[in-house]
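**Q** One structure coming up, written as structure tokens, with questions to follow.
The values are calculated or read from the model by the stated rules, or taken from the named source; none is laboratory data. Only a predicted model underlies this, so the values are computations on that prediction, with no experimental measurement involved. Virtual Cβ from ideal backbone geometry, glycine too; neighbours counted across all protein chains shown. Remember, those area values only see protein heavy atoms, side chains included, never the ligands or the DNA or RNA. Shrake-Rupley method; radii C 1.70, N 1.55, O 1.52, S 1.80 Å.
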Amino acid sequence: MAQATYLSRIALGACAALIIGTAAYAQTPTPAPAPAAPQFPPTATITSGYPGVGPADDSKLRVVGLPNGKRVHLLPATLETTQWGWFDNAQAPVLRVNSGDTIALETMMHSHNQVVPGATIEQIKKLRTDFPGRGPHTLTGPIYIEDAQPGDVLKVTLNKIVPRAYATNFNVPGMFGQFPSVYQDGQVKYLYLDLDKMQTEFLPGIVLPLKPFPGTLAVARKEPGRYSSVPPGEFAGNMDIRDFVAGTSLYVPVHVPGALLWTGDSHAGQGNGEVNLTAIETAYKELNLTVEVVKGKPLDFPRIETQKSWITMGFDQDLNKAWAQAKTQTVKFLSEQRKVSAEQAEKLMAGVSDCRVSQVVNVKKGIHCLNPKNAGDKEDMERPTKETSKYYVSHVRDADLNKAMNDASMGMVKWLEQEKKIARLDAYGLASVAMDCRVGVVSDTEKNVHCLMPKSIWVASAGKR
């Protein structure tokens, strides 16, 4: 249902209620009760096309006790607690919490829950063309964290992620993705998520593991104004780093008082590259997270901590510059961690840092590097140039990292079409949700990209299909 239609129905319902209430008043001498005050009165300045939003009326009703004596904040996803496609550091908080608190929140599907099973690709495209300047993501928040001040770091730990039972992957015709001029036609697929087996069948006989992670988790920018949710940056945002799963923590610099935390673009899984623009896009029934303000340990750029690695990252419209930023952040981290010079850290990086192409479709492209927390551990440094027992492989070297990524990823898409006989838009979608593009040797004259497709996702026996 389009947003205008949705709001029109609300208005018609209110008018009908007013007519009925007026008729009832004429038949009885008892005065009608005063209407209840709205639960979430709009407090923000509203731009045409954007819904009114505001803080909770009674924040005490969002805190509950747990059997273990701890408290948790509950944040449902409603039109009043979410924004569609933008960040604004003047936005009134929908929740206020303390450092160390835990929040159980919900998220919506794209475009205020309008991209759900039944919505066509034509409707999805119209949601973008009719609302230029905003992203597709529905963002729950902002959450104000008491005591968070500019110069601090906000640590956000993901405790648990529970997706909905369905997801989507789509290609908006001729508009977005890595190859919009090649894919002028579009399609949308809806998928059932088997949360018992933690898998989904993308195509007959092709089953993908589910690894839920928030595509977007952001604090407010330092700059005032309203900004699209699409590009990531020093505020984190639409990072699309698939290793940011339950049990991991994001460390992000705080730029405004209260930090102001948003999340959305909820994924059930994604390939490294996300080439057709979309992952396994879903919404969360529960994203359970804990926030902590870290004082006295400033960061200039986000980092992610997993059980075994520290993840550094870089973003830019040019993948070469994204690599340069990721390299700078990685060298800085290794130098701090191992107490070596920047020159030594740069030499070390080539052998210990596992760098991947996060995504190439968010205006700013992303590269992230996994670095072992324990100096004695090893990351996955496998960079095959041809098929192995585990992977189908497309490998390209070029002086331009953008071209190397374009050619390697398109090489895999075409291979899926020709060798696996997968329809062209399905091959593009499968590459977006399952392909793993890794950065290999990088020099001034040569950049290597290795795009891998795991053979394990083909599960059907010959007699089954």
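**Q** Listed residues VAL182, VAL207, VAL162; which is part of a loop (DSSP other than H, G, I, E, B) and open to solvent by 10 Å² or more (accessible area, probe 1.4 Å)? Let's see the steps before the verdict.
**A** Details: VAL207 fails: part of a loop (DSSP other than H, G, I, E, B); VAL162 fails: part of a loop (DSSP other than H, G, I, E, B).
None of the others qualify; the one that does is VAL182.
**Q** Which ones in the stretch 210-236 are more than 18 Å from GLY271 (Cα to Cα), in a strand (DSSP E or B) and either open to solvent by 10 Å² or more (accessible area, probe 1.4 Å) or among the hydroxyl-bearing types (Ser, Thr, Tyr) (or both)?
**A** ARG226, TYR227, SER228
**Q** Go through the residues of the stretch 124-131 one by one and say whether even a single one is open to solvent by less than 40 Å² (accessible area, probe 1.4 Å), modelled with pLDDT of 90 or more and part of a loop (DSSP other than H, G, I, E, B).
**A** The answer is no, given that none of the residues of the stretch 124-131 is open to solvent by less than 40 Å² (accessible area, probe 1.4 Å), modelled with pLDDT of 90 or more and part of a loop (DSSP other than H, G, I, E, B).
**Q** Those residues that are basic (Lys, Arg) and over 16 Å from the mean Cα position of the chain (by Cα), I need them from the stretch 129-170; list them, please. Quick ask: steps written out before the conclusion?
**A** Going residue by residue through the stretch 129-170, those that are basic (Lys, Arg) are 134, 155, 160, 164.
LYS155 - this is the single residue of the stretch 129-170 that is basic (Lys, Arg) and over 16 Å from the mean Cα position of the chain (by Cα).
**Q** Give the number of residues within the stretch 366-388 that are part of a loop (DSSP other than H, G, I, E, B), in contact (Cβ under 8 Å) with a residue 40 or more places away in the chain and more than 15 Å from CYS451 (Cβ to Cβ).
**A** Going through the stretch 366-388 one residue at a time, the tally reaches 4.
**Q** Further question: Name the pairs whose Cβ atoms lie under 7 Å apart, with the first residue in the stretch 437-457 and in contact (Cβ under 8 Å) with a residue 24 or more places away in the chain and open to solvent by less than 50 Å² (accessible area, probe 1.4 Å), the second assigned to a helix (DSSP H, G or I) and of a type in the set (Phe, Trp, Tyr), and 6 or more positions between them or separate chains?
**A** VAL439/TRP323; VAL442/TRP323
One line per residue, one yes/no per condition, for (1) in contact with a helix residue (DSSP H, G or I) (Cβ under 7 Å, 6 or more places away or on another chain); (2) modelled with pLDDT of 95 or more; (3) at positive phi:
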position: LYS414; (1), (2), (3): no, yes, no
position: GLU417; (1), (2), (3): yes, yes, no
position: ILE422; (1), (2), (3): yes, yes, no
position: GLY429; (1), (2), (3): no, yes, no
position: ASP436; (1), (2), (3): no, yes, no
position: ASP444; (1), (2), (3): no, no, no
position: LYS447; (1), (2), (3): yes, yes, no
position: CYS451; (1), (2), (3): yes, yes, no
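**Q** A further question on this structure: Out of the residues in the stretch 288-309 that are in a loop (DSSP other than H, G, I, E, B) and over 20 Å from SER99 (Cα atoms), which is most open to solvent (accessible area, probe 1.4 Å)? Break it down into steps so the answer makes sense when it comes.
**A** Filtering the stretch 288-309 down to residues in a loop (DSSP other than H, G, I, E, B) leaves 295-302, 306-308.
If we keep only those that are over 20 Å from SER99 (Cα atoms) too, we end up with 300-301, 306-308.
Details: ASP300: 83, PHE301: 16, THR306: 21, GLN307: 168, LYS308: 94 Å².
Applying the filter and picking the extreme gives GLN307.
**Q** Moving on. Anything in the stretch 241-275 that is over 26 Å from VAL94 (Cα atoms), of a type in the set (Gly, Ala, Ser) and in contact with a Phe, Trp or Tyr (Cβ under 9 Å, 6 or more places away or on another chain)? List them, or say none.
**A** Within the stretch 241-275, GLY269 is the sole residue that qualifies.
**Q** Would a scan of the stretch 416-436 turn up a residue that is over 24 Å from ARG303 (Cα atoms), open to solvent by 50 Å² or more (accessible area, probe 1.4 Å) and small (Gly, Ala, Ser)?
**A** yes
**Q** I'm checking my understanding of the structure. Among residues of the stretch 326-351 that are polar (S, T, N, Q) and free of Cβ contacts under 8 Å to residues at least 12 places away in the same chain, which one is most open to solvent (accessible area, probe 1.4 Å)? Let's see the steps before the verdict.
**A** Our first condition is that a residue be polar (S, T, N, Q); within the stretch 326-351, this holds for 328-330, 335, 337, 341, 344.
Next, from what is left, pick out any that are free of Cβ contacts under 8 Å to residues at least 12 places away in the same chain: 335, 341, 344.
Working: SER335: 31, SER341: 45, GLN344: 107 Å².
In this case the residue turns out to be GLN344.
**Q** When you scan the stretch 143-159, how many residues do you find that are open to solvent by 10 Å² or more (accessible area, probe 1.4 Å) and assigned to a loop (DSSP other than H, G, I, E, B)? Write out each step before concluding.
**A** First pass over the stretch 143-159, keeping only residues open to solvent by 10 Å² or more (accessible area, probe 1.4 Å): 144, 146-147, 149-152, 155, 157, 159.
Pick out the ones that are also assigned to a loop (DSSP other than H, G, I, E, B) and you get 146-147, 149-152.
Going through the stretch 143-159 one residue at a time, the tally reaches 6.
**Q** Report yes if VAL363 is open to solvent by 50 Å² or more (accessible area, probe 1.4 Å), under 28 Å from GLY133 (Cα atoms) and outside any helix (DSSP H, G or I), otherwise no.
**A** Working: open to solvent by 50 Å² or more (accessible area, probe 1.4 Å): yes; under 28 Å from GLY133 (Cα atoms): yes; outside any helix (DSSP H, G or I): yes.
Criteria met by VAL363.
**Q** Kindly indicate the residue of the stretch 188-204 that is part of a loop (DSSP other than H, G, I, E, B) and among the charged types (D, E, K, R) and also farthest from MET453 (Cα to Cα) among those meeting that condition.
**A** At the first step, the residues of the stretch 188-204 found to be part of a loop (DSSP other than H, G, I, E, B) are 193, 195-198, 204.
Going one step further and asking which of them are among the charged types (D, E, K, R), we end up with 196-197.
Values: ASP196: 24, LYS197: 21 Å.
Ranking the candidates gives ASP196 first.
**Q** Which of the residues spanning the stretch 336-357 are touching a Phe, Trp or Tyr at 6+ places or on another chain (Cβ under 9 Å) and part of a helix (DSSP H, G or I)?
**A** Residues satisfying the conditions are GLN337, ALA345.
**Q** Find the residue count for the stretch 394-413, including only residues that are open to solvent by 20 Å² or more (accessible area, probe 1.4 Å) and more than 12 Å from ALA431 (Cα to Cα).
**A** 10
**Q** Another question about this same structure. Could you tell me whether THR312 is modelled with pLDDT of 95 or more, in contact with a helix residue (DSSP H, G or I) (Cβ under 6 Å, 6 or more places away or on another chain), open to solvent by less than 40 Å² (accessible area, probe 1.4 Å) and β-branched (Val, Ile, Thr)? It would help to see each step written out before you state the result.
**A** Working: modelled with pLDDT of 95 or more: yes; in contact with a helix residue (DSSP H, G or I) (Cβ under 6 Å, 6 or more places away or on another chain): yes; open to solvent by less than 40 Å² (accessible area, probe 1.4 Å): yes; β-branched (Val, Ile, Thr): yes.
So THR312 fits the description; yes.
**Q** Let me ask something else. Return the pairs, sorted by first residue and then second, in which the second residue is of a type in the set (S, T, N, Q), the first residue lies in the stretch 401-424 and is over 28 Å from GLY314 (Cβ atoms), the beta carbons are less than 7 Å apart, and the residues are 6+ apart or on different chains.
**A** As it stands, the answer is TRP415/SER394, since those pairs meet every condition given.
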